[in-house]
Amino acid sequence: MPWAEELIGLLRKSGPEEVMRRLERYKGKALPAGVVNPYTHLEHNRKKIDYAGYKRRGYPIGSGPIESGNKTVVQKRCKQAGMRWNEPTAQDMVTLKAKEESGLWGASVRNFIMAA
């Protein structure tokens, strides 16, 4: 959809306010069931999707780092053969694996030993 691609480009370039101005015709408008109102979505999420601001501050805006972290932390540890997890134990394991991957494992162990 060319109009959507244009708005996505504008969102990345100048932020949500300009895109919201272009979508004002949807403000308060009821749409069919299951269809998200684009104006309302931007209005409720504008602080989370200030891609232009994030880029100016040097933050990544793509999902690649998150997906890579998920693969490294969650899948590499929790999806090994024979592994069975429930939510609390999986969360504990993922937390420990994240500390190891981020280089914080040593400090965490030292803090644990000092607190004992």
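Coordinate-derived values only; no laboratory data. In this text the structure is predicted, and so the values were computed from the model without any measurement. So basically every Cβ, Gly included, is an ideal-geometry build from the backbone, and we count neighbours across all protein chains shown.
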Honestly the chain on the Cα gyration tensor test (a ≥ b ≥ c root eigenvalues; a/c under 1.5 rounded, otherwise a/b vs b/c for prolate or oblate) is just prolate
Where a ≥ b ≥ c are the square roots of the eigenvalues of the C-alpha gyration tensor, would you call segment 64-115 rounded, which needs a/c under 1.5, or, failing that, prolate if a/b is larger than b/c, or oblate?
oblate
Suppose every Lys and Arg Cβ carries +1 and every Asp and Glu Cβ carries -1, with no other charges. What dipole size does the chain come out with about its Cα centre, to the nearest 20 debye?
120 debye
Would you please give the residues with an amide H less than 5 Å from that of GLY15, counting only those at least 5 places away or on a separate chain, with H modeled from the backbone geometry?
ALA52
For the chain, modelled as a Gaussian network with Cα springs under 10 Å, which listed residue fluctuates most, PRO38, PRO60, PRO88?
PRO88
Highest mean first, what order results for 68-81, 5-18 on Cβ atoms within 10 Å?
5-18, 68-81
Could you let me know the centre-to-centre spacing of segment 85-116 and segment 1-66, using Cα atoms, in angstrom?
36 Å
Given Cβ charges of +1 for Lys and Arg and -1 for Asp and Glu, the option among THR95, MET114, CYS78 whose Cα lies farthest towards the positive end of the dipole of segment 64-115 is CYS78
